[in-house]
1. Identify the trypsin sites (Lys or Arg not before Pro) of the stretch 1-95 meeting these criteria: DSSP loop state and at most 13 other C-beta atoms within 10 Å of the C-beta.
2. Quick one: among GLU94, GLU182, GLU157, which has the greatest mean-square fluctuation in a GNM of the chain with alpha-carbon springs under 10 angstrom?
3. Which of GLY15, GLY83, GLY55 moves the most in a Gaussian network model of the chain with Cα springs under 10 Å?
4. Express in nm, to one decimal, how much length is gained between ALA202 and LEU42 on full extension, taking 0.36 nm for each residue of separation and deducting their alpha carbon distance.
5. Please compute the length gained on full extension between PHE72 and ARG95, using 0.36 nm multiplied by the number of residues separating them and subtracting their Cα-Cα distance.
6. Counting other beta carbons within 10 Å of each Cβ, put VAL131, VAL146 in order, fewest first.
7. Arrange the following residues from fewest to most other Cβ atoms within 10 Å of their Cβ: ILE178, ILE35.
8. Could you tell me which label, among (1) 19.0; (2) 17.2; (3) 17.6, carries the value of Kirkwood radius over Cα pairs in Å calculated for this structure?
Amino acid sequence: MSLPNPLIDQFLLEGCMRCPKGATPECKVHRWTDILEFLRQLLLETELQEERKWGMPTYTLDGKNVVILGVFNQSCVLSFLKGGLLEDPYQLLERPGPNSQVGRFIRFTQLTQAEEIEGKIKEYLLQAIEVERSGKKASAKPTLPVLPEELYQKFAEHSGLEAAFFSLTPGRQRGYVIHFSEAKQSATRLNRIEKYLPKIFAGKGMMD
């Protein structure tokens with residue numbers, strides 16, 4: 001079992017604080033508090049370490065990001081960063097978009113949904129840990145350099161981003177990936193991705 005992180009207690013009270021609705025009753029985190037708390041307890045029963053990255057509850061193994069708890073307007077999700085490498089015997093894993101390569105999530109809209117599949121969720125969490133421990137890498141499309149981990153994290157945070165990115169022409173995808181990956185620091189890579197989110201969602205390349 002891992003220890004609870006006070007920063008996640010703060011997240012559950014205030015939200016991610018990345019928009020003006022943070023720390024207000026309108027914050028979308030408050031729509032899903034009961035589900036998030038339930039999933040958090042399941043995660044804390046594993047060996048994953050609870051951290052807060054990009055404002056979100058993130059669960060790591062030896063410093064590598066494995067699972068993120070994500071919130072959207074219409075649902076909350078248990079997002080597996082290497083979900084495409086997991087077996088899916090219960091057909092619970094969803095692709096964030098039709099062209100998703102690696103990221104997968106389980107979507108929830110009611111606490112009873114999570115409670116009814118508690119045992120299955122635990123199986124997926126154990127799988128995710130073993131995949132990370134094995135060192136397996138997700139393969140990128142042949143036309144692209146390896147996507148930076150920060151881009152997968154943004155796929156998990158922003159609904160529709162992965163589909164929008166892979167709807168771009170291969171040349172535009174490649175231009176973004178090279179630009180993002182050239183930054184040596186993770187924070188810089190994240191800033192670059194955030195800067196170009198509007199263009200990606202608009203189906204445009206960096207120079208458009």
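What follows draws every value from the coordinates through simple rules; no lab data is involved. What you see is a predicted model, and the numbers here were worked out from it, not measured in a lab. We place every Cβ from the backbone using ideal geometry, glycine too, and count neighbours over all the protein chains shown.
1. Listed in order of number, the matching sites are ARG18.
2. Comparing GLU94, GLU182, GLU157 in the GNM, the peak value goes to GLU182.
3. Highest fluctuation among the options: GLY55.
4. Computed gain between ALA202 and LEU42 is 53.9 nm.
5. 6.8 nm
6. VAL146, VAL131
7. So the ranking, lowest neighbour count to highest, is ILE178, ILE35.
8. Computing Kirkwood radius over Cα pairs in Å and matching it to (1) 19.0; (2) 17.2; (3) 17.6 gives (3).
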